[in-house]
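Visitor: Structure in structure tokens, see below.
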Amino acid sequence: MLLAVQWILGTLPTLTVALTHEQADALFAQAKEAYGKGAFAQSVTHFRALKAALPDWKENYLNLASAELQRGDGNAMLGVYREAYERFPTDPAFADKYCDMLVKTFHIPGIEQPANRIDVCTKALSLNAKKRQNYLNLSDVFKQKGDMNSALDVYQPAVKRFPNDAVIYRAYCSLFADIMDSFYNHPTVKIPPDAFPICYKAVEMLPDDSDILQKLALSLKVSMQHEPAIAAYELWLEKFRHLNVRDTLHIKSTLAKALINGGKRERANLLAEECLAVERNLNHLSTLSLVRAIGWPYDEHGWKIQGEVTELAVQNFDIKNPDICPGGTWRVAYNYTNEAALHPDRLSLVILNPDTAYSTYGREDDPIFVGPHIDKYPHLFHEKSVYLVFFENVYMTGLNGVPHGDCTVYAGSHHNNIGLQTFATTDAAPIVEIEHRAASIILHQMQNYYHWVSEVLPKLLLMKEHVLEKAEYADVKVVVPTIGVARALEKTLELEEFQFLKGRLIYFENPTSTRYHFKKGLFVVDWLHPENDMHGTLSKSQWSIYWSPSFVHTVIRPFFHSALQKRNRLPHITPLSPSKPGSIVYIRRTGTVRSFLNEQELVAYLSARFGPRLRVHNGEEDILDQVEMFAGARVVVGNHGAGLTNYMFTQAGAVLVAIPKDPMVDFCFANMVAGMRGRHIVVSEIPGAHYVGQYPPISQNNMVLLGNVIDQALVLSAELKMGDDHDEL
């Protein structure tokens, strides 16, 4: 809308071109008339003439910008605001308006955004800190840039200035919830301490706002506050289920996820099945797959559902780029051998463990149970086939770096549980062209210590041996996560053993919204479980896809023990080692996932009982300090969790003492111990926790029991021969 302007003789801005006041008045009338008739191009012409004649007439900039917008030229509109902002740098109105339009036009195709948009909005707030919209806009420009920490920080002064403003509280909570909902895109975000109180207050201020209650519930669920999340979703259903059938289905499906995370598997399963019966869509299938995976071990029903999830997700890809999918119909490739035989022009492979693939490892008498036998606990495993794969021309996207091209998604070791939640499924994703041959070590949850040590690290070491250290591959770069995503990886690459990689890293930035094109080829190391699994411990399991083959231990342990030896830090193991300081390592878990509620009491008891023989692992140690600690251990003790992965650094004859989950669905450490030809004791007598729950307080009697089991493990370790490798069956 045009601003009403009154002409007052003697107060008009100075004319800078040959134009009388009467002519300017007439020109303004013509501009206004053209605007009213919809002749916006003509209106723009008149307003521009006025601007040339009266460059200090502020209102005319607003009129010209409005006319430019109405004629469909967003870039010209922003140009007018930019000119006014620069001409009147202390006028808050122009800073406010320019910032506001930058935020509103950000997602409009073809609109060119200036590099200083954050500076503009920061200045708008500094000129007018009393205007609520300025806080909202500044937070938005930080969010649009991807700087979520700064976007959140803006609301700290906002809630102080507007302590009872529901709009501020709602916007703050919504931003926080959106970040939590896609936390995998923002691994370095620091959660503000007031975030949850803000969301609770927003819900209190807006009792009829169904969306903000859903945001609160989502934030609680993702942060693993299970009971409050369940209560929030239940409240939503109580208040708003009558409003919209589709929203109600969505809330029920999400509630099922909160329930399974809270250990309520039966009701979670009922809700998930109910939603799927109403509509068999990708979201409902994914929910049921998750419920079955966390709730039931070796669940074939969940495996089939997850297979349907993967196939449906791939069918829904909207990637029409003929360079990526010339045929238009997408498919999943589950087997490298078949693909290499069918399409030798696309990929080639070398098997790295031909002598051991499909052999059996493990032993029938392991583990030793102290307490009830755990249903379906595996003892024997088939060795997976380990491949070095070279893709001639391939693309990669998603947090777990899924290779794809020629209408084919390569599933690799993760089979039908590839993890396509963060895969860029449309042509909108920009393509980054990689001009070198490359090797990828990008994988599922690389920030998780278990996945780093047991999956990513062996792939890097095998790539080092077979590709990266060879002269003919000196040009090959290595694809790694953006700095800040995987701390353990970054610390490992700082070791002198990896200094040859300096200058050879490609950072996998914005993987959920970007597609990388390796037009000169891409190496990956990967492994596949055998289709004919006579032991039934690897196939049709949503968990076994994350279990490494025994072959990885031929590279992990030797590499790190050699690194210690090189630095004169490798502990010397003898039959007397079980009685020496540091012979027992207890892995202390902190936080709310699978730690004892009275963890400190247990640590105090074990420390008093075993004295200097006990060392407590906190997870904050440097990589080689950590390796050295476990290389000297004869017994490793802890609840089910990533810390137990450090058993991989022990020397032969060490014993693992594990306190299992309940229900026990993931047997990754059984596979790890078997692959290392080791022994482990499972203390099922001590009550465990569900997958993302917290172990109940351990009783005094069970502390004593655990101490006795540790003594038993020390005896077992002393009896095992140094370097004892159990023969494969």
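The values are calculated or read from the model by the stated rules, or taken from the named source; none is laboratory data. Here the structure is a predicted model, which means the values were calculated and not measured. Methodologically, a virtual Cβ is constructed for each residue, glycine included, from the backbone with ideal geometry; neighbour enumeration extends over all protein chains shown. Heads up: the accessible areas ignore ligands, DNA and RNA and are worked out on the full protein's heavy atoms, side chains in. Shrake-Rupley method; radii C 1.70, N 1.55, O 1.52, S 1.80 Å.
Visitor: Of everything in the stretch 659-672, what is under 23 Å from residue 631 (Cα atoms) and free of Cβ contacts under 8 Å to residues at least 40 places away in the same chain? Give them in sequence order.
Guide: Matches in the stretch 659-672: 669 only.
Visitor: Within the stretch 578-597, which residues are in contact with a Gly (Cβ under 9 Å, 6 or more places away or on another chain) and in contact (Cβ under 8 Å) with a residue 60 or more places away in the chain?
Guide: Residues satisfying the conditions are 583, 585, 592, 593, 594, 595.
Visitor: A follow-up question, please. Of the conditions (1) closer than 26 Å to residue 298 by Cα; (2) modelled with pLDDT of 95 or more; (3) open to solvent by 10 Å² or more (accessible area, probe 1.4 Å); (4) of a type in the set (Gly, Ala, Ser), residue 675 fails just one. Which one is it?
Guide: If we test residue 675 against (1) closer than 26 Å to residue 298 by Cα; (2) modelled with pLDDT of 95 or more; (3) open to solvent by 10 Å² or more (accessible area, probe 1.4 Å); (4) of a type in the set (Gly, Ala, Ser), just (3) comes out false.
To keep it simple, each residue is scored yes or no on (1) in contact with a strand residue (DSSP E or B) (Cβ under 6 Å, 6 or more places away or on another chain); (2) part of a helix (DSSP H, G or I); (3) modelled with pLDDT of 95 or more.
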{"position": "142", "(1), (2), (3)": "no, yes, yes"}
{"position": "150", "(1), (2), (3)": "no, yes, yes"}
{"position": "157", "(1), (2), (3)": "no, yes, yes"}
{"position": "160", "(1), (2), (3)": "no, yes, yes"}
{"position": "169", "(1), (2), (3)": "no, yes, yes"}
{"position": "172", "(1), (2), (3)": "no, yes, yes"}
{"position": "184", "(1), (2), (3)": "no, yes, no"}
{"position": "189", "(1), (2), (3)": "no, no, no"}
{"position": "193", "(1), (2), (3)": "no, no, no"}
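Visitor: So, one more: Every residue in the stretch 450-509 that is acidic (Asp, Glu) and either closer than 13 Å to residue 439 by Cβ or not in a helix (DSSP H, G or I) (or both), please.
Guide: Across the stretch 450-509, the qualifying residues are 465, 469, 475, 494, 509.
Visitor: Shifting gears a bit: Kindly list the number of the only condition in (1) buried (at least 17 other Cβ atoms within 10 Å of the Cβ); (2) at pLDDT below 95 that fails for residue 590.
Guide: It is condition (1) that residue 590 fails.
Visitor: Considering every residue within the stretch 639-653, establish whether at least one is open to solvent by 20 Å² or more (accessible area, probe 1.4 Å) and out of contact with any helix residue (DSSP H, G or I) (no Cβ under 8 Å at 6 or more places or on another chain).
Guide: Yes, the stretch 639-653 contains a residue that is open to solvent by 20 Å² or more (accessible area, probe 1.4 Å) and out of contact with any helix residue (DSSP H, G or I) (no Cβ under 8 Å at 6 or more places or on another chain).
Visitor: Condition first: of a type in the set (Ser, Thr, Tyr) and either assigned to a loop (DSSP other than H, G, I, E, B) or open to solvent by 20 Å² or more (accessible area, probe 1.4 Å) (or both). Can you find one or more residues in the stretch 515-530 that meet it?
Guide: No; the residues of the stretch 515-530 include none that is of a type in the set (Ser, Thr, Tyr) and either assigned to a loop (DSSP other than H, G, I, E, B) or open to solvent by 20 Å² or more (accessible area, probe 1.4 Å) (or both).
Visitor: Among the listed residues 654, 674, 658, which satisfies the condition of being among the hydrophobic types (A, V, I, L, M, F, W, C) and more than 22 Å from residue 536 (Cβ to Cβ)? Explain how you work it out, then say what you get.
Guide: Working: 674 fails: more than 22 Å from residue 536 (Cβ to Cβ); 658 fails: more than 22 Å from residue 536 (Cβ to Cβ).
Of the residues listed, the single one that is among the hydrophobic types (A, V, I, L, M, F, W, C) and more than 22 Å from residue 536 (Cβ to Cβ) is 654.
Visitor: Residue 600 - would you say it is in contact (Cβ under 8 Å) with a residue 24 or more places away in the chain, on the phi < 0 side of the Ramachandran plot, open to solvent by 10 Å² or more (accessible area, probe 1.4 Å) and not aliphatic (A, V, I, L, M)?
Guide: Answer is no for this residue.
Visitor: Can you tell me how many residues in the stretch 608-664 are touching a strand residue (DSSP E or B) at 6+ places or on another chain (Cβ under 8 Å), assigned to a helix (DSSP H, G or I) and of a type in the set (Ser, Thr, Tyr)?
Guide: Looking only at that region, the number is 1.
Visitor: List every residue pair whose Cβ atoms sit under 6 Å apart, with the two residues 6 or more apart in sequence or on different chains, where the first one lies in the stretch 543-568 and is over 21 Å from residue 445 (Cβ atoms) and the second, anywhere, is polar (S, T, N, Q).
Guide: Pairs found: 551/353.
Visitor: Which condition number in (1) surrounded by fewer than 18 Cβ atoms within 10 Å (Cβ to Cβ); (2) more than 22 Å from the chain's Cα centre (by Cα); (3) touching a residue at least 60 places away in the same chain (Cβ under 8 Å) is the one that residue 265 fails?
Guide: (1)
Visitor: Does residue 219 satisfy being modelled with pLDDT of 95 or more and within 23 Å of residue 106 (Cα to Cα)? Please lay out each step first, then the result.
Guide: Values: modelled with pLDDT of 95 or more: yes; within 23 Å of residue 106 (Cα to Cα): no.
When the stated conditions are applied, residue 219 does not pass them.
Visitor: Now for a separate question. Out of all the residues in the stretch 597-607, which are of a type outside the set (Ser, Thr, Tyr) and part of a helix (DSSP H, G or I)?
Guide: 599, 600, 601, 602, 603, 604, 606
Visitor: Among the residues of the stretch 386-402, is any more than 25 Å from the chain's Cα centre (by Cα), farther than 19 Å from residue 521 by Cβ and either of a type outside the set (Asp, Glu) or surrounded by 18 or more Cβ atoms within 10 Å (Cβ to Cβ) (or both)?
Guide: yes
Visitor: Ok, one more. Would you check which residues across the stretch 228-246 are at pLDDT 95 or above and open to solvent by less than 80 Å² (accessible area, probe 1.4 Å) and list them?
Guide: 228, 229, 230, 231, 232, 233, 234, 235, 236, 237, 239, 240
Visitor: Go through (1) part of a strand (DSSP E or B); (2) open to solvent by less than 40 Å² (accessible area, probe 1.4 Å) one by one and return the number of the condition residue 432 breaks.
Guide: Failing condition for residue 432: (2).
Visitor: Assuming residue 571 fulfils every condition listed in (1) open to solvent by 30 Å² or more (accessible area, probe 1.4 Å); (2) touching a residue at least 12 places away in the same chain (Cβ under 8 Å); (3) part of a helix (DSSP H, G or I); (4) closer than 16 Å to residue 652 by Cβ apart from one, which condition is it?
Guide: (3)
Visitor: Among the candidates 404, 415, 444, which residue alone is modelled with pLDDT of 95 or more, of a type outside the set (Val, Ile, Thr) and either closer than 21 Å to residue 347 by Cβ or in a helix (DSSP H, G or I) (or both)? It would help to see each step written out before you state the result.
Guide: Working: 415 fails: modelled with pLDDT of 95 or more; 444 fails: modelled with pLDDT of 95 or more.
The unique qualifying residue is 404.
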